[in-house]
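Some notes on the structure that comes next.
The values are calculated or read from the model by the stated rules, or taken from the named source; none is laboratory data. Being a predicted model, the structure only gives us computed values, none of them experimental. Here the Cβ is made from the backbone with ideal geometry for all residues, glycine too, and neighbour counts use every protein chain on show. Surface areas here come from the heavy atoms of the whole protein model, side chains and all, with no ligands, DNA or RNA. Shrake-Rupley method; radii C 1.70, N 1.55, O 1.52, S 1.80 Å.
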Amino acid sequence: MIWQSVKNKDNSEIAMRRIGIFGGSFDPIHYGHLHLAEEARCTEKLDQVLFMPAWVSPFKQESLPADQEDRLHMVRMAVSANAAFSVSDMEIRQGVVSYTADTLRRCQEMMGEETRLYFITGTDAFLNIETWDRSEELLRNYSFIVGSRPGYRQDDLDQVIRRVREIYGTDVRKMEIPQLDISSSGIRQRIRDGKPVRYLLPDSLIDYIHKKGLYAQSAAEHVPEASEIPMRAIDKAIDEVIRGRLKPSRLAHTYGVADEAVKLALRFCGNACKARTCALFHDVFREVGNLTHGPAAAEYMKREFNIDDEDMLSAVRFHTTGRRGMSLLEKIIFLADAIEPNRSYPGVDGIRLAAKCDLDKACLLSLEHTMRYLAQGGQEIDPQTKEAAADLREKTGGEGRFDEGKESPWTTGK
Ligand SMILES: [Fe+2]
Ligand SMILES: [Fe+2]
């Protein structure tokens, strides 16, 4: 911790620590927040910025908010790379909306008088500062760093700053940040719309959001039907091929996998178009063997259809065995194959239920189901399947559970 020397009122020197307190719902935290915090830290020479995620009512938003633990976890992940950033769970643990005056008072008590607190906020929030609970206490006792966009409500902001300086002697620092135009609500909307959010927030958070299925549903939930996702030219081409090659039950299975894959992609923010294409290809050579038809189909996609998207090729190549470190698309195809509506084996409903909210858990259930079936029949388990299960067990923090069943998804005549 860096301590800065400043003059006290009697002109004696004291060591004064400068701490930024950055409150917000952070639902989710994004690069706009992180940039504002870093700008504040550098410009105002803060020793630390303490992120303070607020408790958020689950009922007040247009979309289902991430739960409190998920938001806290995402903030922790986002700030972990910056030694000058830290996170407090003080507000989020309250279980009710906290008043900033209470939060800052508690922080001041904990950190001592030799700490100067700088409350970091945005223009919109600061414009209403005089209406906050115990605003006078806030404006007299703490410093404020207001992040603003150039030109955005500058006159209003300057007016409020002038007024609070005059009336309360408030220490306000205005910081113009052109890059602030990222919003959590915009990110949530993009996720619901299936649009990319990469470069708006850290990749690790995007993975986490996808894994947990956060923000995928709006309060007035609309999950598009598979039929709303446009067929691509390549889908029509492979459709011609499989119509000519596959027996009716296998064709029905393939279409079932395609519909299920699109639904899973929509649910878990994957690419629905790629998912459908992979599904249509996945069993094109089913007759060549249990473990060889996936690689054969991937090879065919590459050779005959010039598909060089490695993620798509892997999704088809490993759709039977799975493997360690499966991508989102790989999991979608693997799972869609196991739970499409034509599948009927003991335990499938449990896997379908898990697939409603947790892709990893559902894949793990399916893998364990297959491994148990093979073990019971004295058959060899592919090492990649074992690796895939071990990987997902680590990620989900436990074993999957399902009803015992004699049949495997792979042996139901599809
Ligand atoms: Fe297959
Ligand atoms: Fe299949």
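How many Å² of accessible area per residue for the range 226-411, probe 1.4 Å?
Numbers: 8080 Å² over 186 residues.
On a per-residue basis, 43 Å².
What does the extension gain come out to for Ile167 and Asp207, with contour length at 0.36 nm per residue minus their alpha carbon separation? Spell out each step's value before the answer.
Numbers: separation 40, 0.36 × 40 = 14.40 nm, distance 4.76 nm.
Length gained, Ile167 through Asp207: 9.6 nm.
Given a Förster distance of 45 angstrom, what is the FRET efficiency for Arg243 paired with Met175, based on the Cβ-Cβ distance and rounded to 0.05? Could you put the intermediate results ahead of the total?
On the way: r = 62 Å, r/R0 = 1.38.
In this case the efficiency is close to 0.15.
Report the full-extension gain for the segment Asn82 to Glu114: residue separation times 0.36 nm, less the Cα-Cα distance, to one decimal in nm.
Numbers: separation 32, 0.36 × 32 = 11.52 nm, distance 2.36 nm.
Going from the current span to full extension adds 9.2 nm.
Given +1 on the Cβ of Lys and Arg, -1 on the Cβ of Asp and Glu, and no further charges, what dipole in debye does the chain carry about its Cα centre, rounded to the nearest 20? Write out the running numbers ahead of the final one.
Details: 57 positive and 64 negative charges, 74 e Å.
That gives a dipole near 360 debye.
With every protein chain left in place, what is the accessible area per residue of the range 155-213 in square angstrom, probe 1.4 Å? List each step's numbers first, then the result.
Numbers: 3360 Å² over 59 residues.
On a per-residue basis, 57 Å².
Mind pulling up the Rg/Rh value for the chain? Radius of gyration and Kirkwood radius, both on Cα. Let's see the in-between values first.
On the way: Rg = 27.1 Å, Rh = 24.4 Å.
Radius of gyration over Kirkwood radius for the chain works out to 1.11.
Determine the sum of side-chain charges near Ile92: Lys and Arg each +1, Asp and Glu each -1, restricted to other residues whose C-beta is under 15 angstrom from that of Ile92. Please list the in-between numbers first.
Numbers: positive: Arg71, Arg76, Arg93, Arg106; negative: Asp27, Asp67, Glu69, Asp70, Asp89, Glu91, Asp102.
It works out to a net charge of -3.
If R0 is 30 Å, what FRET efficiency do you get for Glu69 and Glu130 from their C-beta distance, rounded to 0.05? Don't jump to the answer; show the numbers that get you there.
Details: r = 34 Å, r/R0 = 1.13.
About 0.35, to the nearest 0.05.
Please work out how much length the chain gains when fully extended from Tyr31 to Ala252, using 0.36 nm per residue of separation minus the C-alpha to C-alpha distance, in nm with one decimal. Numbers along the way, then the final one.
Details: separation 221, 0.36 × 221 = 79.56 nm, distance 4.52 nm.
Value of the extension gain: 75.0 nm.
Tell me the mean residue ellipticity at 222 nm calculated for the chain from its helices only (DSSP H runs of n ≥ 4, each -39500 (n - 2.57), averaged over every residue, nearest 500). List each step's numbers first, then the result.
On the way: 17 runs with 199 residues, N = 414.
Result for the chain, helices only: -15000 deg cm²/dmol.
Out of the total accessible area of the chain (probe 1.4 Å, heavy atoms of protein only), what percent is carbon and sulfur? Present the calculation step by step, with values, prior to reporting the outcome.
Values: 9570 of 19650 Å².
Exposed carbon and sulfur together represent 49 percent of the surface.
Go through Thr131, Thr396, Thr254 and list them by solvent-accessible area, largest first, probe radius 1.4 Å. Could you put the intermediate results ahead of the total?
Working: Thr131 115, Thr396 45, Thr254 0 Å².
If we order Thr131, Thr396, Thr254 from most to least accessible, we get Thr131, Thr396, Thr254.
Which whole-number percent gives the relative contact order of the chain, counting Cα pairs below 8 Å spaced six or more residues apart? All intermediate terms of the calculation are to be shown ahead of the outcome.
On the way: 660 pairs, mean separation 47.8, N = 414.
Relative contact order comes out at 12 percent.
Among rounded, prolate and oblate, which fits the range 40-157 when a ≥ b ≥ c are the square roots of the eigenvalues of its C-alpha gyration tensor, a/c under 1.5 means rounded, and a/b larger than b/c means prolate?
Because its axes are fairly even, with a/c under 1.5, the range 40-157 counts as rounded.
Highest mean first, what order results for 105-113, 360-368 on Cβ atoms within 10 Å? Mind dumping the intermediate values first?
Numbers: 105-113: 13.2, 360-368: 25.2.
Ranked by mean Cβ neighbours within 10 Å, highest first: 360-368, 105-113.
Please determine, in degrees from 0 to 90 and to the nearest 10, the orientation of helix 68-79 with respect to the longest principal axis defined by the Cα atoms of the chain, where the helix direction is its Cα long axis.
That helix lies at roughly 80 degrees to the long axis.
Ignoring ligands, DNA and RNA, how do Lys212, Lys356 rank by accessible area with a 1.4 Å probe, largest first? Present the calculation step by step, with values, prior to reporting the outcome.
Details: Lys212 90, Lys356 125 Å².
Descending accessible area places them as Lys356, Lys212.
What nm distance separates the two modelled labels at Lys195 and Phe305, each placed 7 Å from Cα along Cα→Cβ?
Spacing of the two 7 Å Cα→Cβ label points: 2.9 nm.
Peptides 327-334, 159-166, 88-95: what's the order by average Cβ count within 10 Å, highest mean first? Mind showing how you got there, number by number?
Values: 327-334: 24.5, 159-166: 14.9, 88-95: 16.6.
Listed from highest to lowest mean packing, they are 327-334, 88-95, 159-166.
To test your reading of the geometry: what angle, between 0 and 90 degrees and rounded to tens, separates the Cα axis of helix 272-282 from the longest principal axis of the chain?
20
With 21 Å as the limit, write out which pairs from Lys236/Lys274; Lys302/Lys356; Lys236/Lys361; Lys247/Lys274 have Cα-Cα distances beyond it, or answer none. The partial results should precede the final answer.
Numbers: Lys236/Lys274 13 Å; Lys302/Lys356 32 Å; Lys236/Lys361 33 Å; Lys247/Lys274 24 Å.
Flagged as over cut-off: Lys302/Lys356; Lys236/Lys361; Lys247/Lys274.
Counting Lys and Arg as +1 and Asp and Glu as -1, what is the net charge of the other residues whose Cβ lies under 15 Å from the Cβ of Asp308? Numbers along the way, then the final one.
Numbers: positive: Lys274, Lys302, Arg303, Arg317; negative: Glu299, Glu304, Asp309, Glu310, Asp311.
Spelling it out: positives minus negatives among the neighbours equals -1.
Can you tell me, using C-alpha contacts under 8 Å and at least 6 residues apart, the relative contact order of the range 82-225 as a whole percent? Could the numbers behind the result be given before it?
Numbers: 118 pairs, mean separation 24.1, N = 144.
Over the range 82-225, the number comes to 17 percent.
Round to the nearest 10 and give me the degree value, 0 to 90, for the angle of helix 248-267's Cα axis relative to the longest principal axis of the chain.
Relative to the chain, helix 248-267 is tipped by roughly 0 degrees.
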